[in-house]
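Shown next, in structure tokens, is the structure this report addresses.
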Amino acid sequence: MDKNTLEFQAVYDDFHPKILRYLTNIIGENEAEDLTQEVFVKVSRALGTFRGECKFSTWLYRIATNTAIDKMRISSFRQDVNIYELDDSDDTEDRLLWIDEETPSVEQSLMQKEMYQCFIEYVKNLPVNYRTIMVLSELEGFTNNEIAEVLGISLDTVKIRLHRGKTKLIQELKNNCKAEDWL
């Protein structure tokens, strides 16, 4: 194998699960796998043009975001795809933390998963400009500056959308996801 093939394979191995999870949270499970493959085709073609002016992950997520936005602009996508499906991937528990306990009980784990699914459901119901920022910030762990680079918008716009998205999300969670329902 040549050097470019080896580099692409390393990028694919490292980022495929992350991009798949990201796109699943943005556009839904039905379309995420195909779109992820499309993203990596674009990455393989453009890998040699990466100039290192930003973090590699920022560049890659920008490609993924632009590909998702292009897909969402297609009217048949908006009519045919249910973008509100839940992500039931096995790494759900890995992304959640319990404070003051080393290992949650089975009951706590079930409650945690239900709360996470409720959270994800309402994130996916946010308008796309808020949803994308919330997923990048809260689920993918990007900083506001990195989000601005990924989306090609100003830092102030990121902060405003993140604040508005969180406000809208908190209100929805307060109205619909009551922890006492799981106790």
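Values in this text are rule-based calculations from the coordinates and carry no lab data. The structure presented is a predicted model; accordingly, all values stated were derived computationally and were not measured.
In order along region 125-130, the phi-based Karplus estimate (6.51 cos²θ - 1.76 cosθ + 1.60, θ = phi - 60°) of 3J(HN,Hα) comes to 8, 5, x, 4, 5, 7 Hz; Gly and Pro are listed as x. The shape of region 1-69 comes out prolate: with a ≥ b ≥ c from the C-alpha gyration tensor, a/c is at least 1.5 and a/b beats b/c. Measuring between alpha carbons in the structure, the pairs from Lys55/Lys159; Lys124/Lys168; Lys71/Lys124; Lys42/Lys159; Lys124/Lys174; Lys113/Lys159 lying more than 18 angstrom apart are Lys55/Lys159; Lys42/Lys159; Lys113/Lys159.
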